[in-house]
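The values are calculated or read from the model by the stated rules, or taken from the named source; none is laboratory data. Remember, predicted model here, so these are calculated numbers, not experimental data. Don't worry about glycine lacking a Cβ; one is built from the backbone with ideal geometry, like all the others, and counts go over all protein chains shown. Surface areas here come from the heavy atoms of the whole protein model, side chains and all, with no ligands, DNA or RNA. Shrake-Rupley method; radii C 1.70, N 1.55, O 1.52, S 1.80 Å.
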Amino acid sequence: MKTFLKKTFFYILIAFLSCALVASHGISRYKLMADVPNPKDCVTTPSLENNRVLTQSCTNIPQTLPTQTPSQPFTPNPNLTEKERFFSAITNKLPTIPRNNTFEYILLRAYGSVFVNQNPEIKLPQKVLFTNEQETKQFQSSLTLTQVKNTSQCYLQKSAAEAFNQARSQVQIPLKSGYGASDCTRSFATNLRFWQKYANNQTLEQVRQGKETTILGVVAPPGASQHLWGLAIDLRVTTEAQKQVLNQNGWYRTVENDIPHWTYVGLPLEKLTQFGFQNKVVRNVTYWLTPL
């Protein structure tokens, strides 16, 4: 009986000391539980320092606790390289960053500028390539599309359309085709049709192998176009005034050699380099390119 009482007292004492220790550090049980990720909710991504080294990031840890204030707008660490700043801006947008030298990485380099968009109303795809019409339609059905003013069939994501409408209220900016059916948000079938007009399966295989990149400034491979995401538009921009108002409203040329193509990045001009963008002038045309 005495032995039993001693053991009971011992366990009660241990429990009391444990609770006191937790309380003295201000750590709640909720906080302790939140710090332990579930392995099945973790994804593997390349390290910023070495794309061949894989690291884990977990998506199920609460980003804010009840006592925390809302997070501030994201700003990349200025001490990082351009590539690291770009990756830090898109890590929370893409569940898995494509590995270097893969087809998806090539597409991210060419068309990945949209993934730095910080507007919470903008919806981004969970990967850089849709494989078919059904997958594309499923994503597009989740978008809030708005018709661009004074067009017949030009639709963009709401924030992108509003930004473009604002630019057009300041200066006249015509669509490339003049009416907008193919200038704005496109279907997978339209993307495929344009690819087949300028390229073929042999070209696609060369792009996959990294042997051909020039074509990416002419037409996007099937399933990879920014037009599928409602964040790109083809325009006829011929004056400095047109370019300036587009930039002021978050629109930039981001695909090298594709002069009519404009992307809604949503950042002011002075912040592009902060997010790792590289400025490049080709035949007197200014592009803002990913640093990949």
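Below, the figures for the structure above:
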| read-out | value |
| --- | --- |
| Qualifying residue in region 128-146 (condition: open to solvent by 70 Å² or more (accessible area, probe 1.4 Å), within 22 Å of R253 (Cβ to Cβ) and part of a loop (DSSP other than H, G, I, E, B)) | no |
| Matching strands (runs of 3 or more DSSP E) fully within region 210-292 where at least 2 residues are among the aliphatic types (A, V, I, L, M), surrounded by fewer than 17 Cβ atoms within 10 Å (Cβ to Cβ) and without any contact (Cβ under 8 Å) to a residue 40 or more places away in the chain | 278-282 |
| Hits in region 163-173 (condition: out of contact with any strand residue (DSSP E or B) (no Cβ under 7 Å at 6 or more places or on another chain) and not small (G, A, S)) | N165, Q166, R168, Q170, V171, Q172 |
| S71, sole failed condition from (1) open to solvent by less than 30 Å² (accessible area, probe 1.4 Å); (2) of a type outside the set (K, R); (3) at pLDDT below 95; (4) over 15 Å from the mean Cα position of the chain (by Cα) | (1) |
| Flag for E121 being loosely packed, with under 14 Cβ neighbours inside 10 Å and either within 14 Å of the chain's Cα centre (by Cα) or in a strand (DSSP E or B) (or both) | yes |
| Considering residues of region 147-161 that are surrounded by 17 or more Cβ atoms within 10 Å (Cβ to Cβ) and of a type outside the set (S, T, N, Q) only, the residue nearest to W251 (Cα to Cα) | A160 |
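Here is a yes/no grid of residues against (1) hydrophobic (A, V, I, L, M, F, W, C); (2) at pLDDT below 95:
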site	(1), (2)
Q196	no, no
G210	no, yes
I215	yes, no
A224	yes, no
L231	yes, no
T239	no, no
L246	yes, no
V255	yes, no
